[in-house]
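Asks: I have a structure here, written as structure tokens, and I will follow up with some questions on it.
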Amino acid sequence: MHDSDTDLIYSQAHKQVKNFTFDAQVVEVFPDMISRSVPGYNTIIDTIGRLSQHFVQENSNIYDLGCSLGAATLAMRKGITASNCKIIGVDNSSDMVKRCKMHVDAFKGNTPVNIIEGNIQDIKIENASMVVLNFTLQFIEKSQRQALLNTIAKGLNPGGLLVLSEKISSDDNVIDDVLIDLHHSFKRDNGYSELEVAQKRSALEKVMLTDSLELHKERLAQAGFGHASLWFQCFNFTSLIAIK
Ligand SMILES: C[S@@+](CC[C@H](N)C(=O)[O-])C[C@H]1O[C@@H](n2cnc3c(N)ncnc32)[C@H](O)[C@@H]1O
């Protein structure tokens, strides 16, 4: 027996595996899916909360870009001690946004939260002290990633922080294969079958395109972040901090 919130989307053979989308079916099982698929997800969310304590400045805006169900937003709302701030969560999946609003409303907090349905590439970033891209940039067209990072850097106040978490690929094929194998064994240990792993991989193949760590760092420097560092890596899952 499984709970209705267990991710079984790829447990049966699909005649044709469609490109992955963040639709209502995914929303139903998203917390289970992400915690069983992304090594270190809970650590990253906790750390985003911790970082918000240090970096969020009074009278500023905080952005959670590709907020899904609001896990990072809620962690920041708990962590923020600065007064008169506002969190803006943005996602272009209407199913996610609907459910996210319910999640956010279910908890109390001092910092107001505004969840917006929209494309993060069209959002004006202004007076920001912290911006989160937690496994979202990988869904943006590669050719448009630099422009988005430039907009974020421009909208951040001096000393402001970007948290950029991404699945990465390695330019070294031998290393890349090892990290992919380790990730797949992590998924199998979390109860996903070979069939589920294979079908999910093919669903994501065209919609989630990964870059190397070196390229991420180059883009951050190019966008004008004076300081950037990897703070988390487990297999091919990483999180970076970049400070303006
Ligand atoms: C892997 S999930 C992010 C997880 C989430 N940040 C968290 O910490 O739980 C990627 C999210 O980005 C959203 N997304 C992808 N492309 C987007 C875009 N161009 N504009 C807004 N949201 C986007 C998807 O709908 C999805 O909810």
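Asks: Quick one: longest stretch of the chain between exposed loop GluC sites (Glu not before Pro), exposed meaning at most 14 other C-beta atoms within 10 Å and loop per DSSP?
Replies: My reading of the result: 59-125 is the longest stretch.
Asks: Under unit Cβ charges (Lys, Arg +1; Asp, Glu -1), what dipole magnitude, rounded to 20 debye, does segment 168-231 have relative to its Cα centre?
Replies: 320 debye
Asks: Need one number: the % of Cα-Cα pairs in the chain sitting beyond the 21 Å mark.
Replies: So the pairs more than 21 Å apart make up 57 percent of the total in the chain.
Asks: While we're looking at this one, here's another question. For segment 92-98, just list the computed ³J(HN,Hα) in residue order, Karplus coefficients 6.51, -1.76 and 1.60, θ = phi - 60°, integers in Hz, with x standing in for Gly and Pro.
Replies: So the Karplus estimates, Gly and Pro as x, are 9, 9, 5, 5, 4, 4, 4 Hz.
Asks: At 0.36 nm per residue, minus the direct Cα-Cα distance, what do Asn42 and Asn157 gain on full extension? Give it in nm, one decimal, please.
Replies: Length gained between Asn42 and Asn157: 38.6 nm.
Asks: Check which residues have an amide H placed less than 5 Å from Ile88's amide H, if you skip close sequence neighbours.
Replies: Residues meeting the amide H criterion: Ile62, Tyr63, Asp64, Asn114.
Asks: Counting only other residues whose beta carbon sits under 14 Å from that of His183, what net charge do I get with K and R as +1, D and E as -1?
Replies: Here the count lands on -1.
Asks: Can you compute the charge dipole magnitude of segment 1-68 about its Cα centre, using +1 on each Lys and Arg Cβ and -1 on each Asp and Glu Cβ, nothing else charged? Give it in debye, rounded to the nearest 20.
Replies: 300 debye
Asks: Now, a different point. For the pairs Lys86/Lys108; Lys167/Lys200; Lys15/Lys206; Lys86/Lys154; Lys18/Lys154, flag any whose C-alpha to C-alpha distance is greater than 26 Å.
Replies: In this structure, Lys18/Lys154 lie more than 26 Å apart at Cα.
Asks: Let me ask something else about it. For segment 34-88, build the charge dipole from Cβ charges (+1 Lys, Arg; -1 Asp, Glu) around the Cα centre, then report which of Gly79, His54, Val38 sits farthest towards its positive end.
Replies: Of the listed residues, the answer is Val38.
Asks: Helix-derived [θ] at 222 nm for the chain: sum -39500 (n - 2.57) over DSSP H runs of at least 4, divide by residue count, nearest 500?
Replies: It comes out at -13500 deg cm²/dmol, rounded to the nearest 500.
Asks: Just the Cα atoms of segment 118-236: what Rg and Dmax do they give in Å?
Replies: 16.0, 48
Asks: Using θ = phi - 60° and the Karplus form 6.51 cos²θ - 1.76 cosθ + 1.60, what ³J(HN,Hα) does each residue of segment 79-85 get, whole Hz, x for Gly and Pro?
Replies: Computed from phi, the couplings for segment 79-85 are x, 5, 10, 5, 9, 6, 10 Hz.
Asks: What do you get for the angle between helix 24-37 and the principal long axis of the chain? Use alpha-carbon atoms, 0 to 90 degrees, nearest ten.
Replies: For helix 24-37, the angle is close to 90 degrees.
Read-outs: derived from the displayed coordinates by stated rules, not from any lab. Being a predicted model, the structure only gives us computed values, none of them experimental. All Cβ positions, glycine included, derive from the backbone under ideal geometry; neighbour counts span all protein chains shown.
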